[in-house]
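The block underneath contains the structure these notes are about, expressed in structure tokens.
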Amino acid sequence: MTVLSLGIVRGLAAQIVGTALGMGLVVLVRVLMGLHAWEAEPATVVGAMLGTIFFMIGVGSMNDWFRWARGEATPIHHGPPEGRPSWTRYFGVDYSHKVIGIQYGVTAILLLLTGGALASIFRVELAEAGRQFLDPAVFNTMIGMHGWGMIISILLGIAAFANYLIPLLIGASDMAFPRLNSWAFWLNVPAALVFLTSMFVGGWDTGWTAYPPLSARAPLGMQLYFVAVFFFGISSIVGALNLIATILLLRAPGMSLFRMPIFAWGVLATSIIALTATQLIALSFIMVMMQRLLGMGFFDPAQGGNPILFQHLFWFYSHPAVYIFVLPGLGVISEILPVFCRKPLFGYKWVALSSIAIALAGFLVWAHHMFTSGMASFLRVPFMFSTLLVAVPTGVKFFSWVATIWGGKLTFPTPMLFVLGALSVFLIGGLSGPPNGIVTTDLFLHDTYWIVGHFHATMFGGFVFPFFAAMYYWFPKLTGRMYNERLGQLHFWLMTPAFWIQSLGQMRVGLLGMRRRIVDYDPALGIEGGQLAVTIAGLVIGLSVLIMLVNLVYSARRGRVAERNPWNSRSPEWQIPSPVPEVNYPDGLQVIGEPYDYGLPDSRYVNLQVAAAGE
Amino acid sequence: MSSESLASYKAQLKANRLGLWLFFASESFMFGGLLAARFYLWGNTRPDLDQLLGLIVTSILLLSSFFMNRAESAIAHDDRKTFLNSLLITAALGLLFLVGVVGFEWQGHLKPWDGVYGAVLFGMTGLHALHVFSGVIIILLIWNRGRKGGFSAERHWGVEACAIYWHFVDVVWVFFYPALYLLGLPVS
Ligand SMILES: [Cu+2]
């Protein structure tokens, strides 16, 4: 086995070649056109794009399509690659949804660590007034990189669980389009490299929102950021398409839509948004990119353009994106909660439909980010009302959780703790939301640390806590071993109080006048104590995440061997061996009951011996 | 071909069809975004474009959809000769459309850097032309496979997908053409 037999190595080599080729191409065209040979912006953009395409070819994710175009047969290979150790399948193109799920998960954690490391650095800078060690432009690049690093980490984390779990939960053998699935994953790798490179070619000092006119004249790194987000977006769209098709078409016999696991509803709702709205952020970024490259004046008032148009296009995605992030997480809460309460999920249908309702309502609220932008003022009140409307389906979920807990026989292993932690944190995020959606209060809260506190609470309650709950909950499924319960509890008890302090602290310094995206602040604001507390809390959160990683990596190799169904779950994935064999359900799967009838005697959800019973 | 593999082909066909329409749903948002940008930035005005040219390229593209449809129904009836010929005619008309847009419209007085009129015109026609171009490439790939005996009356998903994609790109132009050439008062 040579190192070049690993897809990722071939991909990286091809990316370097492709980037050089793209840059050379621009130089050649410019020389032929009689312009001076080197212009950094077009060369960088074309280089980054061609490099990404070359990576995809090099890694081998398009081989089958090339074969198809030549008219050759392209049967799907199942199982580890022949003649090579089975770990190599994780470093190349593999069509198994379980392998792709883990590929997504590991990439997501790497980006999570990157984003976390950046946050730790600039939080230390903010711990006291006065400038310590960060240059303002570097600081601004870092907050933007932190934001997008985390956004991509969340998107990949969702894809990780959706890919690994959805086929298992709905009784399918794989996703609807396995090749496309692998392609969508691998696109993230070259895109992530382009994204990280942007830091080293001038960075981009706009913050994650990249508003023109600033983004139209930010350093070169801005362009690489646009290219990277464009490819991340394509991956997200393609992944969503695959998940919708899988959920709609590949459910096991007997699994009507309202007998689906609730997590599948969350993923379905999320995918509807990701499939459609993502196009708009890609479009808005391409438009700024073209404004920089060709002088197309979309957002340039001097040419009759309008920067507010950018904000409309950008937020048409970036508000619903929040629901892309939280709907699967809220699905995880609803999925796990009944298991540890030993009670049916309260109001299953309402919870399922509330996910769809949030997704659809999410398309109508984007301009609540623009109350202070100077957009037409008659738009403010309609967008205020539509925004507050989202609280209704969100409230449905909350009441369902409380009612599910009510009178349950609760146990508190680590996954359940993180679910409860998610509820507490999401409550903070939820209650601090309406003041931003109401015009009168938002005019004061806009662009302050109050907003930072609000959305971190939403992200942590809606995604991070449920994501960690899911990691602990399905860890035995992935590895066949148990995580260390004591370290898990330590992680929880460090992270949760620290997060409360961080979030409430951010809101407090915001109310006292701390603005977003500035490297320094006036000590006369009287917020130094609050800033220090936020920094310490943030570092504790970072430490607790490292404890989790140590726990999971160690337990994956040395942990106690898990029993088949450690949580006594009714869900089908726990009725088969762990880790899941190559074929998910060799004897078929048939749904014969309701998914969450915990505590009801003689109720069954699935029958796994369909073939044995002679169908 | 065994009956089982036909059954799995049909199951995959169902998924493929859904996948393709989901892709169109996604793309519609991008083209819709461009249309929104056009109405936001141009309002009730439009640049003074060559009306005859607009009419000609639009007719060419609409005509091409007819031949694309003919190609698809030909392979569904195992008429390989008509299938291949119609594909080539479709591709040729597609290329002619591109010549009209890129070779003539883009060579007019309006350039991408000429204010919002240039920006939106080139943004909309550029992204659409990119789709037409990719459609031509796909048609030629399908033609090449068909030439070697690929596809049959029972199994021609590739042709079907190519045809629907081509019609979709065509329909997008049905919205773009009036938005660029007809609606609003011309300003020069
Ligand atoms: Cu929002």
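For the A and B pair, go ahead and give the buried accessible area with a 1.4 Å probe, both sides summed, in Å² to 100.
That pair hides around 2600 Å² of surface in total.
For the stretch A:421-429, what does the Karplus curve 6.51 cos²θ - 1.76 cosθ + 1.60, with θ = phi - 60°, yield as ³J(HN,Hα) per residue in whole Hz, taken in order and with x for Gly and Pro?
Each residue's phi maps through the Karplus curve to give x, 4, 4, 5, 6, 5, 5, 4, x Hz.
For the pair B:Asn144/A:Arg564, report the inter-label distance in nm, with labels modelled 7 Å from Cα in the Cβ direction.
For B:Asn144 paired with A:Arg564, the spin-label model returns 5.2 nm.
Per DSSP H run of n ≥ 4, the term is -39500 (n - 2.57); total these for chain B, divide by its residue number, and report the mean residue ellipticity at 222 nm rounded to 500 deg cm²/dmol.
-26500 deg cm²/dmol
How much area per residue is accessible in the stretch A:94-611 when the probe is 1.4 Å and only protein heavy atoms are counted (Å²)?
For the stretch A:94-611, the per-residue accessible area is 34 Å².
So which trypsin sites (Lys or Arg not before Pro) in the stretch A:367-463 end up in coil per DSSP with only 16 or fewer other C-beta atoms within 10 Å?
Listed in order of number, the matching sites are A:Lys409.
Positive end of the charge dipole of chain A (Lys, Arg +1 and Asp, Glu -1 on Cβ, about the Cα centre): tell me which of A:Pro190, A:Trp450, A:Val580 has its Cα farthest that way.
Checked the options; the winner is A:Val580.
What percent of all Cα-Cα pairs in the stretch A:456-509 falls in each 10 Å bin, counting up from 0?
Taking every Cα pair in the stretch A:456-509, the percentages come to 22, 45, 24, 8, 1.
Which listed residue (B:Gly32, A:Met56, A:Tyr104) has the Cα farthest towards the positive end of the charge dipole for the protein assembly as shown, taking +1 on Lys and Arg C-beta and -1 on Asp and Glu C-beta about the Cα centre?
A:Tyr104
Within a 10 angstrom radius of each residue's Cβ in A:291-299, how many Cβ atoms of other chains show up on average? Whole number is fine. List each step's numbers first, then the result.
On the way: counts 3, 0, 1, 8, 7, 13, 10, 7, 4.
That average works out to 6.
Hand me the GluC sites (Glu not before Pro) from the stretch A:1-91 located in a DSSP loop with no more than 12 other Cβ atoms within 10 Å, in residue order please. All intermediate terms of the calculation are to be shown ahead of the outcome.
On the way: sites: A:Glu39, A:Glu72, A:Glu82; in loops: A:Glu39, A:Glu72, A:Glu82.
Those that pass, being in a loop and sparsely packed, are A:Glu72, A:Glu82.
Quick one: Cα convex hull volume of the protein assembly as shown, Å³ per residue?
Residue-normalised Cα hull volume stands at 172 Å³.
Eigenvalues of the Cα gyration tensor times 5, then square-rooted: what semi-axes does that give for chain B, in whole angstrom, largest first?
Values for chain B, descending: 36, 18, 11 Å.
Within a 10 angstrom radius of each residue's Cβ in A:574-584, how many Cβ atoms of other chains show up on average? Whole number is fine.
Partner-chain Cβ atoms within 10 Å, mean over residues of A:574-584: 0.
For B:Leu130 and B:Ser73, FRET efficiency with R0 = 30 Å and r from the beta-carbon atoms, rounded to 0.05?
Using R0 = 30 Å, I get an efficiency of 0.60.
Sum -39500 (n - 2.57) across every DSSP H segment of at least 4 residues in chain A, then divide by the residue count to get the 222 nm mean residue ellipticity, nearest 500.
Roughly -22000 deg cm²/dmol at 222 nm, from the helical runs in chain A.
Output the residues of the stretch A:249-289 meeting this criterion: accessible area (heavy atoms, 1.4 Å probe) in the chain alone minus accessible area with all protein chains in place is 30 Å² or greater.
By number: A:Leu249, A:Leu275, A:Thr276, A:Gln279, A:Leu280, A:Leu283.
What is the list of residues in the stretch B:118-151 whose amide nitrogen lies under 20 Å from a point 7 angstrom out from the Cα of B:Val187, following Cα to Cβ?
B:118-125
Relative to the longest principal axis of chain B, what angle (0 to 90°, nearest 10) does the C-alpha long axis of helix B:157-177 take?
Once rounded, one gets 20 degrees.
What size of dipole, in debye to the nearest 20, comes out for the protein assembly as shown about its Cα centre when the only charges are +1 on Lys and Arg C-beta atoms and -1 on Asp and Glu C-beta atoms? Intermediate values should be presented prior to the final figure.
Numbers: 46 positive and 39 negative charges, 235 e Å.
With only Lys, Arg, Asp and Glu charged at Cβ, the dipole is about 1120 debye.
Quick check: at a probe of 1.4 Å, how many percent of the accessible area of the stretch B:50-188 sits on carbon and sulfur atoms? Show your work: numbers first, answer last.
Details: 4350 of 6080 Å².
Whole-percent figure for carbon plus sulfur exposure: 72.
I'd like to check one number: the per residue accessible area of the stretch A:1-93, probe 1.4 Å, reported in Å² as a whole number.
56
Find the relative contact order for chain A and round it to a whole percent, using C-alpha pairs within less than 8 Å whose residues are 6+ positions apart.
Computed value for chain A: 13 percent relative contact order.
Treat each spin label as a single point 7 Å out from the Cα along the C-beta direction, and report the A:Leu35 to A:Leu110 distance in nm.
Between A:Leu35 and A:Leu110, the simple spin-label model gives 3.4 nm.
I'd like to know which of A:Phe475, A:Gly297, A:Gly266 lies farthest towards the positive end of the charge dipole of the stretch A:94-611, counting +1 on Cβ of Lys and Arg and -1 on Cβ of Asp and Glu.
Highest projection toward the positive end goes to A:Phe475.
Which whole number gives the average, over all residues in B:116-129, of C-beta atoms from other chains lying within 10 Å of the residue C-beta?
Mean partner-chain Cβ count within 10 Å for B:116-129: 4.
How much of the accessible area of chain A, probe 1.4 Å, is carbon plus sulfur, in whole percent?
That share works out to 70 percent.
For A:Trp406 and A:Ile592 in one chain, what is 0.36 nm times their gap in residues minus the Cα-Cα distance, to one decimal in nm?
64.3 nm
For Cα pairs less than 8 Å apart in space and 6+ apart in sequence, what is the mean separation divided by the residue count of chain B, i.e. the relative contact order in percent? Each step should come with its number before you reach the end.
Details: 172 pairs, mean separation 65.4, N = 188.
Relative contact order for chain B comes out at 35 percent.
For the stretch A:1-151, just list the percent of Cα-Cα distances falling in each 5 Å bin from zero outward, please.
2, 8, 11, 11, 14, 14, 12, 11, 8, 5, 2, 1, 0, 0
Where nothing but the Cβ of Lys and Arg (+1) and of Asp and Glu (-1) is charged, how large is the charge dipole of the stretch A:307-452 around its Cα centre, in debye to the nearest 20?
Rounded to the nearest 20 debye, it is 500 debye.
Students often forget the sequence filter, so: which lysines lie under 24 Å Cα-Cα from A:Lys409 once same-chain residues fewer than 8 apart are removed?
Within the straight-line limit of under 24 Å, A:Lys409 reaches these lysines: A:Lys343, A:Lys349, A:Lys397, A:Lys477.
The values are calculated or read from the model by the stated rules, or taken from the named source; none is laboratory data. Computed from a predicted structure; not experimentally measured. We place every Cβ from the backbone using ideal geometry, glycine too, and count neighbours over all the protein chains shown. Accessible surface areas use protein heavy atoms only, side chains included; no ligands, DNA or RNA. Shrake-Rupley method; radii C 1.70, N 1.55, O 1.52, S 1.80 Å.
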